[in-house]
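Beneath this line is the structure, given in structure tokens, with notes to follow.
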Amino acid sequence: MNIDRVELSVIRMPLVAPFETSFGVEEVEEHIIVRVDGSSVTGWGECVASSGPWYSYETNQTAWHVLRDYLVPLLFSAELKTPRDFASRVQRVRGHPMAKAGLEAALWDWSAKEQGKSLAELFGARRERIVVGVSVGIQPTTEALVERVGQYLSEGYTRVKIKIKPGRDLELVRALRENFPQLPLQVDANSAYALSDAPIFRAMDEYNLLLIEQPLSNDDIFQHAKLQRELTTSLCLDESIHSAADAEAALELGACRIINIKAGRVGGFAEAIRIHDVCAERGAPVWCGGMLESGIGRAGNVALAALPNFKLPGDLSASRRYYREDLVEPEFVVDADGTMRVPRGAGIGVEVIESRLQNVTVQREEFRK
Ligand code: OSB
Ligand code: MG
């Protein structure tokens, strides 16, 4: 892979509506767009770190530092045959999976384009369409949540995930069940609870949820295993899973029955695919999580979710659910049957509109081999 130029751009894009989780409210998404060039081919990736260390310890500033001072120099001094070699090349950099995944994603796009293949094809993913869901933030009132969910259902989404936090949990589930008895529904706590809150989750067993996502501490497996034993509803881990080895440990110890895969959280698509495979071998379904990506990051997620063991709908929503104007054309849309088309063109399969990227860029730097 003959990459001789890397460009990093910090972007700031206002969300169409604030997104509230147990760890805070986001109104503007800040991500790093990674561009790689070589042999007249351009690849694009998106680093999903955010402005503060709330979901994970990474921020745009830490990702920028690690990319600029370690990952980009390691890339320039290496002979990589495929993007699958990237992770071992940067293994001596501990942690910082989002920084790594942003650059790796650009290498995947570059490599796919150079071969004239789609990203999905390179991943070995065959689905032409995927079933998608929507992740709904905490709303000011329960009534507002019911209305919001109703709106998303009318737009075609067939699976809904709601964010919960202490004090805003059971009542939300109850209200949604009263209004939408058959709706495939799941909840995400983003690590806001302790094992002593088990009665809250036991009470949720009554409401036929698809899963409960990451109720306990962000790096815990042990206590989730204790909680899972007390529930009939499946637990799903997000924050706690950083590798295929973590996934194996969590499944074997009974800490969850389902895993949320985000390439950014696990250091890239190569590791994401390994987690997919480990879960498939063990009969555990996975689904694709999201980090409010622009179309650049979304394209990679959609390609990943076309793999066969993505058995549950992902947090992959239409561009307009997040942003007034996406950075790519065509933008991602959800059809009336709740599915999304997997791009078939070379690489990410959507075109990056560089004037739009420029308009949202607040910091930019170029590196040459
Ligand atoms: O926990 O899945 C999460 C967004 C930011 C940080 C963490 C999470 C989320 C989401 C959004 O749930 C999913 C999406 O991109 O639609
Ligand atoms: Mg989550």
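Each reported figure results from applying straightforward, stated rules to the coordinates on display, with no laboratory input. A quick note: this is a predicted structure, and the numbers were derived from the prediction, not measured. Every residue, glycine as well, gets a Cβ built from its backbone with ideal geometry; the counts of neighbours run over all protein chains shown.
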Net dipole in debye of the chain [+1 Lys, Arg Cβ; -1 Asp, Glu Cβ; about Cα centre; nearest 20]: 580
Select from G52, H276, I296 the residue farthest towards the positive end of the dipole of the chain; place +1 on Cβ of Lys and Arg, -1 on Cβ of Asp and Glu, and compute about the Cα centre. H276
Antiparallel DSSP beta bridges within the chain, percent to nearest 5: 60
Over segment 170-323, consider all pairs of different Cα atoms and compute the Kirkwood hydrodynamic radius from their mean reciprocal separation; express it in Å, one decimal. 15.9
Mean residue ellipticity (222 nm) of the chain, computed from DSSP H runs ≥ 4 via -39,500 (n - 2.57), nearest 500: -9500 deg cm²/dmol
Assuming 0.692 mPa s and 37 °C, estimate D for segment 264-348 with Stokes-Einstein, Rh taken as the Kirkwood radius over Cα pairs, in µm²/s. 243
Segment 73-140 versus segment 312-356: alpha-carbon centroid distance in Å: 17
Of all C-alpha pairs within segment 136-219, those more than 19 angstrom apart amount in percent to 33
Given N residues in segment 32-102, what is its alpha carbon radius of gyration divided by 2.2 N^0.38 Å? 1.11
Given the candidates Q151, A99, P308, the one whose Cα lies deepest towards the positive end of the charge dipole of the chain, counting +1 at each Lys or Arg C-beta and -1 at each Asp or Glu C-beta, is P308
Where q = 0.12 Å⁻¹, what log10 of I(q)/I(0) comes from the Debye formula for the chain, counting one point per Cα? -0.85
Based on C-alpha coordinates, I'd like the Rg and Dmax of segment 74-133, in Å. 13.5, 41
